[in-house]
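Here's the structure, in structure tokens; my notes come after.
The values are calculated or read from the model by the stated rules, or taken from the named source; none is laboratory data. The shown structure was predicted, so the numbers you read here are calculated from the model rather than taken from an experiment. Please note: Cβ atoms are built from the backbone with ideal geometry, for glycine as well, and neighbour counts cover all protein chains shown.
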Amino acid sequence: MKKLLVLSCLTLLFISKSTAQNWLAADHRWIYHISGGFAGFDHDIEMTADSDTIIKGFPCRKWRFHSNGIYNIAPQYTYTNGPRAYMYLPQLDSFVKMYDFSLQVGDVLEVPKDYGVFTYQIDAIDVVQAGGLSLKRQRVHYLNPNGQPSGWKFDILENIGMVGQPFEVNYPTCGFVLLPQEECGSVVDGIDISFVCFSSAAGSYSPFSGECFLVDTNTPDQVNFQVTPNPAANYIDIQPDGNVPIQVVRLMDVQGKNMGQWQGDVRQVSLQDIPSGMYLLEVTFSNGVRRARKIICQTMH
């Protein structure tokens, strides 16, 4: 097994300064959903290119984040070279490699962060159809700080980055393109950042909905919902605050596992087969807005 440490003092010796950006490109845009945290985050953020600049002699792209809520991320800078993508970390005053599609199965990539290292190992490499795009994919799993494999697995798509596991599950899972910037926590106890969609001039990939846009939460048609009773024993009633129809209802446990999904304008969900515990109920409305509520299930079996 090859182990690759990607501090700039090693990696940048092999970077050609004349190579043009060929992913993380100016026409690329991503949307992610932010949930959890003590502030109760539950909204989307959009990542778009702002401008090009030079950092330490390398052509970089500046990225800004637009939110329809209160969660903010400072501008970030990336550099790409062929199959590799790097991010500039001011705290280290260096570039760190986030992705490398020249790696082989079994290779390990260590990505320095603000604190510690984000490490993952490649399990498989293939090509997938992601919407209208045919892309190389790395199937990987996260390595714990002690070097032992974890149960956290995710996919990486070339030109898009970390996308969770949208090819296996029907709900968003942890995924954020700038790996050193953010990690994912529990959807209840911490901040969870989930990939929603990607779009570019060449095509788009939107596995969880038919649209890929950031909805303005200040417009009048934005909605929310209430859940009663809570705690609940046998069922819960969903009570929207507005007149926008419900499109999808999902119930997830604290690890993000899908416990149930209901299509259409659902107003009541049965908890008869759900074990007692804390869950996250996510409602997607027909205008693209997603809202979530923590619920406590106290079923009697």
Enumeration of residues in region 198-215 that are of a type in the set (A, V, I, L, M, F, W, C) and at pLDDT below 75: V215
Odd one out for V244, checked against (1) more than 13 Å from Q226 (Cα to Cα); (2) outside any loop (DSSP other than H, G, I, E, B): (2)
Verdict on I193 being touching a strand residue (DSSP E or B) at 6+ places or on another chain (Cβ under 8 Å), under 15 Å from H43 (Cβ atoms) and at pLDDT 80 or above: yes
Residue count for region 34-73, restricted to those that are within 22 Å of T284 (Cα to Cα) and touching a Pro at 6+ places or on another chain (Cβ under 6 Å): 0
In region 139-182, the residues that are under 11 Å from Q121 (Cα atoms) and among the aliphatic types (A, V, I, L, M): V140, L143
Residues being among the acidic types (D, E) and either at positive phi or under 17 Å from the mean Cα position of the chain (by Cα) (or both) - total across region 36-90: 3
Residues of region 35-66 that turn out to be within 19 Å of V196 (Cβ to Cβ), surrounded by 17 or more Cβ atoms within 10 Å (Cβ to Cβ) and modelled with pLDDT of 85 or more, as a count: 7
Selected residue [touching a strand residue (DSSP E or B) at 6+ places or on another chain (Cβ under 7 Å), of a type outside the set (S, T, Y) and under 26 Å from S200 (Cα atoms)] from G69, G82, G106: G69
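Residue-by-condition table, conditions (1) surrounded by fewer than 20 Cβ atoms within 10 Å (Cβ to Cβ); (2) among the small types (G, A, S); (3) under 17 Å from F176 (Cβ atoms):
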site	(1), (2), (3)
Q91	yes, no, no
L109	no, no, yes
D114	yes, no, yes
Y120	no, no, yes
A124	yes, yes, no
V128	yes, no, no
Hits in region 155-164 - residues which are closer than 20 Å to S209 by Cα and either acidic (D, E) or within 10 Å of the chain's Cα centre (by Cα) (or both): D155, G161, M162, V163, G164
Qualifying positions in region 132-182 - assigned to a strand (DSSP E or B) and among the β-branched types (V, I, T): V140, I156, V163
Close pairs (7 angstrom Cβ cut-off, 6 or more residues apart or separate chains): over 14 Å from P207 (Cα atoms) in region 151-170, small (G, A, S) and modelled with pLDDT under 95 anywhere: F154/G164; F154/G175
Qualifying residues in region 249-272 (those that are free of Cβ contacts under 8 Å to residues at least 24 places away in the same chain and out of contact with any Leu (no Cβ under 6 Å at 6 or more places or on another chain)) - the one surrounded by the most Cβ atoms within 10 Å (Cβ to Cβ): W262
